[in-house]
Structures are given as C-alpha cells and as structure tokens.
Amino acid sequence: MDEDTWKEAFENEIENRDILHSWSLDIEERFEKHQGWLQYTLCSFARFCCQLCDRRWASSKVHILFQIKLWRTTGQVKMHIFKQKCKLCNAGYYEIPMFIPENIEIAMSMLVNRICEKFYNMPKENMLSKSFIKDGRQDGPHDSSNCEGCAQGICNRNLNRNQGFPQSFPRLAFHGIERQREESHRTQRFQNNRYSDRYDQGSSDSLSNCNCCVIL
C-alpha cells in the first residue's frame with residue numbers, strides 16, 4: 001500500500017479547507033481501538049490479489065476505520081484498512097486492498113469533511129457528487145467469512161446501523177417478512193376502501209369532518 005499517496009491526499013484536503021491546526025495521518029498495520037478517540041468508518045471499493053495462488057477479486061465492502069483526536073493545536077488520525085483473505089487457497093493470510101487514486105481522494109475528502117464538522121463546526125461540503133468508483137465487477141456477494149472487518153465486528157456494526165438488520169439474518173426470512181407486510185398493507189387498503197365506500201353513502205357534512213390517516 002502506498003502510504004505516501006494517502007498522506008498526500010489528506011494533507012491536500014486539510015490545506016484546501018483552510019484548517020489552521022497541524023494534522024497528521026498515521027496508517028496502522030494492526031487493528032487497535034483507541035479509547036476516547038472519535039471513530040469514523042467508510043466503506044469503499046478496492047481490488048485484491050492473492051500472493052499464493054494469484055487469484056484476483058474486487059469488493060465494494062472494504063472498510064476503512066479512522067480514529068481521530070484533537071488536542072489544543074495538534075490533530076491526529078490513525079487509519080486502519082481492513083483486509084480480506086483469499087477464499088480459494090485458504091492460506092489464512094489477509095491481503096492488502098489496492099485502491100485507485102480517485103477513491104483515495106474521495107475517502108480523504110470525506111474524512112476531512114467529518115473533521116471540519118465535528119471539531120470546527122464548519123459547514124460540510126456537498127458530497128452528493130462524490131461517491132466511490134467501482135472499477136470492475138465483484139465476484140459474488142460479500143465474503144464475510146474471509147473479511148477482517150467482519151471478524152472485528154466493524155462490517156456487522158455498520159450494517160446494523162445502516163440497514164436495520166444483522167448481516168447474519170437470513171435473506172429468505174427477511175423477504176418473508178416483507179411479503180407479510182405487503183399482504184397486511186393490501187388488506188388494510190382494501191378495508192379502508194370498503195370503509196370509504198360505505199362512508200360516502202352518508203351525509204357530506206359528516207365526511208368533511210372526518211380526518212383519516214392510513215400509515216402504509
């Protein structure tokens with residue numbers, strides 16, 4: 001991994017936002033939690049290559065954890081990029097992801113955006129046009145059994161917060177629940193329509209005083 005590229009992109013973003021304090025970015029090889037530090041996680045797209053069997057794959061669920069701390073005049077960011085194992089050779093060795101320069105710049109822009117928001121009360125830049133670039137196809141769904149982020153609980157934690165159900169929840173069961181909800185909604189709408197038909201037969205004054213609210 002080219003650490004200089006990450007650090008240069010970070011320094012450029014700090015300078016572009018006119019932050020007066022001195023900030024540094026340290027890339028940690030081993031995952032470590034730092035108590036009392038602000039945690040910020042991104043999920044980016046990256047590629048992998050197995051050093052043993054030369055298998056190559058891509059993933060859009062490569063988690064990057066930033067732990068951020070600001071003292072009086074000095075700020076520090078400790079970054080850890082979660083790796084993945086090859087599912088074919090079963091070597092048990094985590095491979096380092098490879099990012100294209102554009103995704104590195106996007107990640108650093110989002111990181112500095114969070115720093116400005118949390119520590120300086122500065123307005124966030126418009127990030128709607130900045131999304132990670134998917135450079136190629138993914139080989140099937142996310143392989144959670146070979147993901148360092150899943151092993152450390154980072155992937156699962158973000159999935160619970162963003163989607164409302166755990167990663168291990170069976171998709172079949174989830175779709176079954178969705179079908180039950182849909183049938184319930186259809187029944188509710190049908191009952192409301194019947195109720196409205198009966199109600200329309202009454203006086204118009206009574207109808208004008210009726211406030212109906214149906215939550216679908």
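Within region 28-40, the set of residues being modelled with pLDDT of 95 or more and either in contact with a helix residue (DSSP H, G or I) (Cβ under 9 Å, 6 or more places away or on another chain) or of a type in the set (Ser, Thr, Tyr) (or both) comprises Leu38, Tyr40.
Scanning region 15-35 for residues that are open to solvent by less than 70 Å² (accessible area, probe 1.4 Å), touching a Ser or Thr at 6+ places or on another chain (Cβ under 9 Å) and outside any strand (DSSP E or B) gives a single hit, His21. Considered as a group, the residues in region 37-62 that are open to solvent by 60 Å² or more (accessible area, probe 1.4 Å) and not hydrophobic (A, V, I, L, M, F, W, C) include one that is farthest from Tyr94 (Cα to Cα), and that residue is Gln39. Evaluating Glu105 against the criteria (1) part of a loop (DSSP other than H, G, I, E, B); (2) buried (at least 19 other Cβ atoms within 10 Å of the Cβ); (3) charged (D, E, K, R) leaves one unmet condition, (1). Exactly one residue out of Arg55, Arg17 is of a type outside the set (Gly, Ala, Ser) and within 30 Å of Gln138 (Cα to Cα): that is Arg55.
The values are calculated or read from the model by the stated rules, or taken from the named source; none is laboratory data. Source: prediction; values computed, not measured. For neighbour counting, all protein chains shown are included, and Cβ atoms are generated from backbone atoms with ideal geometry for every residue, glycine included. With ligands, DNA and RNA removed, areas are computed over all heavy atoms of the protein, side chains included. Shrake-Rupley method; radii C 1.70, N 1.55, O 1.52, S 1.80 Å.
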